[in-house]
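The values are calculated or read from the model by the stated rules, or taken from the named source; none is laboratory data. Bear in mind the structure is a predicted one, so any value in this text is a computation, not a measurement. Because the Cβ atoms are built from the backbone with ideal geometry, glycine has one as well, and the counts that use them run over all protein chains shown. For accessibility, only protein heavy atoms count, side chains too; no ligands or nucleic acids. Shrake-Rupley method; radii C 1.70, N 1.55, O 1.52, S 1.80 Å.
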Amino acid sequence: MSNSTRSAALLLFIATLVLCVYSAAEVKVTTDTSYKYLDLVLQWAPGSCYNFKYCKKKIPNTWTIHGLWPSVNYTNYPVNCAGSCAPDIAGLPGDLVTKMEKKWPDFYLDQDHEGNEKFWKHEWCKHGTCSTDLLSSPRNYFNKALSLYDTISLDNTLKSAGITPNDTVSYTFSALNKTLASSLGVSTFRYWCKEGEKQVLTRVGVCVEKSNEFSWQDCPGGEFKEECNQEKEFYLMPGSAAAAVFFNSGLVFVVLARILMLI
C-alpha cells in the first residue's frame, strides 16, 4: 500500500470517527417548528481555516454569515421543517445573489463544486424552513439575514475597539462583550472557538427576538460544542495565518469539511 493510499485510508477513518462524534453530540434537533428566538451566526474564515487543510485557497478576510437559526436554546432547535426542500436559488434576484456571494460565501473545499448554492440551499432547508412564520420564503430569509449582518457591521465594530486580526496579540472576552454590548444594546452573545496552542475565535452568535421587529436580545447562555472558554484570552487570526494546505484525498476532505460547516 502506497503512502498516499495509507494517508487517504487514515483520513477516511478520521472522517468517519468525527462524523460519529458529531452524531452523538448532545444536541436535540426536531422538526417541531416551535422556537423562541433566532441566532444570527457569523463566521471568521481565517479562524475556521486555521490549522485546517480543507479550505479554499482564497478565503474571506471579513466576517461572513453562516446562518440564521431559529432556536429554543443552544442545543435544542428545529430543523428541516419542510420535509422535502428544493429552493430555486437560480430564481433569486441577481442583486441579492451578488450580496450573498460577498457576505455569505462557502469557503470550504467542495468536490462537486456547487459551493455557495449548495451552502445556501442547506441553510434554508435546515434552518430557514423552520422560521416561515416570520420569513416565508428563501428570498425573505436571505434578505433578513443580510440586513441583520449589515446592522451589526462586525468588522467595523471590532476594528473601532482595537480588536483586529493578529496572530501574536490576544484579546479578552470581557473586551469583546463590552464592544458588542455597546454597539447592540444587549449583553449576552455566543462564541465558538478552536482550541490548540491558542484559543482561536471562529464564530460569533447574536440573538434576535422572535417577532416582526427582529430586535436584538440577550442570548440564553448555556454550554454547547466548541464553546469558547471565556476565562482565557482569544486570538482573531489574520488570513495569512490560515493558509490552507491541500491534500488530494477525494471524498475524504469533502466529508471533513462538510461535517464542520453544515451544522
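A few points about this structure:
- Evaluated against (1) more than 30 Å from Q199 (Cα to Cα); (2) surrounded by fewer than 17 Cβ atoms within 10 Å (Cβ to Cβ); (3) in contact (Cβ under 8 Å) with a residue 12 or more places away in the chain, V72 falls short on exactly one condition, (1).
- Taken over segment 120-144, the criterion of being among the hydroxyl-bearing types (S, T, Y) and either in a helix (DSSP H, G or I) or more than 17 Å from G83 (Cβ to Cβ) (or both) is satisfied by T129, Y141.
- Restricting segment 53-106 to residues that are farther than 24 Å from M237 by Cα and of a type in the set (D, E) leaves a set whose member that is modelled with the highest pLDDT is D95.
- D95 being under 14 Å from C125 (Cα atoms), among the acidic types (D, E) and surrounded by fewer than 15 Cβ atoms within 10 Å (Cβ to Cβ): no
- Condition check for L154: buried (at least 18 other Cβ atoms within 10 Å of the Cβ), touching a Lys or Arg at 6+ places or on another chain (Cβ under 7 Å) and closer than 22 Å to F214 by Cβ: no
- Taking the listed residues S160, S182, the one that is surrounded by fewer than 16 Cβ atoms within 10 Å (Cβ to Cβ), within 20 Å of G221 (Cβ to Cβ) and not acidic (D, E) is S182, with no other qualifying.
- In this entry, T202 is excluded by the filter for residues that are over 15 Å from the mean Cα position of the chain (by Cα), modelled with pLDDT of 95 or more and open to solvent by less than 40 Å² (accessible area, probe 1.4 Å).
- Every residue from segment 67-107 that is in a helix (DSSP H, G or I), of a type in the set (D, E, K, R) and within 26 Å of C219 (Cα to Cα): K103
- Unique residue being under 17 Å from the mean Cα position of the chain (by Cα), among the hydrophobic types (A, V, I, L, M, F, W, C) and open to solvent by 20 Å² or more (accessible area, probe 1.4 Å) when the list is F142, F107, F52, F119: F52
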